[in-house]
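Peer 1: Quick one: the structure is below, questions incoming.
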Amino acid sequence: MFLEPHFKSQRSGWIEVICGSMFSGKTEELIRRLKRARIANQRVEIFKPKIDTRYDETKIVSHDKNHIVSTPIENSKALLMLTDEVDVVGIDEAQFFDTDLTDICQELALKGIRVIIAGLDMDFRGKPFGPMPDLLAVAEYITKVHAICQHCGNLATHSYRLVQEEGTVVLGEKESYEPRCRTCYQMGNILSFNQAREVRNEK
Ligand code: ZN
């Protein structure tokens, strides 16, 4: 479990990243950290990209319905205008933000803000997702959380897409994705590649 660092003698900010596959508990962990900061009377603001409206317009909702109220924003620049007089900034679904997010988070940290970011580290192709790799590089603290592979029960690191759609952003829940370990993820890709080839051969 992540515990906050002890240095608080001078006002210095930092960046924390919580990453992992779908259904790994990223948002849960983000909410846990933000709620603890709030209990300590710290001023907390939470943001998410406008694109993510799966559950609710203004709440960040984790898969087990724990939630916290957030502000949907169009792009990462909006963070600069909305974070005056704030101690802690939470950002959910960071993978959907533009690449300016990394610089902006660093600016916030320099202003003395604790920035906590949650996001998918890989897209459904298994490639680094949006600004996440850069954020991981500049963060002081990184927590990689894991789901459980639905096929073999090992730790899952990948988000396997169950539906045949090509775009990188397909918002969805359990009907569209399942968490898989590296091996089962690869196996699924090989199988669907072969299936696609069979369909092509039949034509
Ligand atoms: Zn597996």
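The values are calculated or read from the model by the stated rules, or taken from the named source; none is laboratory data. Just so you know, these numbers come straight off a predicted model, no measurement behind them. All Cβ positions, glycine included, derive from the backbone under ideal geometry; neighbour counts span all protein chains shown. The accessibility values were calculated without ligands, DNA or RNA, using every heavy atom of the protein model including side chains. Shrake-Rupley method; radii C 1.70, N 1.55, O 1.52, S 1.80 Å.
Peer 1: Please list, in chain and number order, the residues 5+ apart from residue 17 or on another chain whose amide H is under 5 Å from its amide H, with Hs placed from the backbone.
Peer 2: 117, 141, 142, 143
Peer 1: So, in nm, how far is label residue 43 from label residue 186 when the simple model puts each one 7 Å beyond its Cα toward the Cβ?
Peer 2: Label-label distance for residue 43 and residue 186, simple model: 5.0 nm.
Peer 1: So what is the relative contact order of region 72-178, in percent, for Cα pairs below 8 Å that sit 6 or more residues apart?
Peer 2: 21 percent
Peer 1: Also, quick follow-up: Given a 1.4 angstrom probe, what's the average accessible area per residue across region 14-147, in square angstrom?
Peer 2: Heavy-atom SASA per residue in region 14-147 reads 43 Å².
Peer 1: Would region 72-114 count as rounded, prolate or oblate if I go by the C-alpha gyration tensor, calling it rounded below 1.5 in a/c and otherwise prolate when a/b exceeds b/c, oblate otherwise?
Peer 2: prolate
Peer 1: How far, in nm, would the chain grow between residue 165 and residue 28 when pulled straight, counting 0.36 nm per residue and subtracting the alpha carbon separation?
Peer 2: 46.6 nm
Peer 1: Leaving ligands, DNA and RNA out of it, report the carbon-plus-sulfur percent of the accessible area of region 14-147 at a 1.4 Å probe.
Peer 2: Percent of accessible area from carbon and sulfur atoms in region 14-147: 51.
Peer 1: Right, next: I'd like the antiparallel share, as a percent to the nearest 5, of DSSP beta bridges with both residues in region 14-147.
Peer 2: 15 percent
Peer 1: Which shape class, rounded, prolate or oblate, goes with region 14-147 when its Cα gyration tensor gives a ≥ b ≥ c as root eigenvalues, a/c under 1.5 marks rounded, and past that a/b bigger than b/c marks prolate?
Peer 2: rounded
Peer 1: Assuming 0.36 nm per residue, please report the length gained on full extension of the stretch residue 138 to residue 51 beyond their Cα-Cα distance.
Peer 2: Extra length from residue 138 to residue 51 when fully extended: 28.8 nm.
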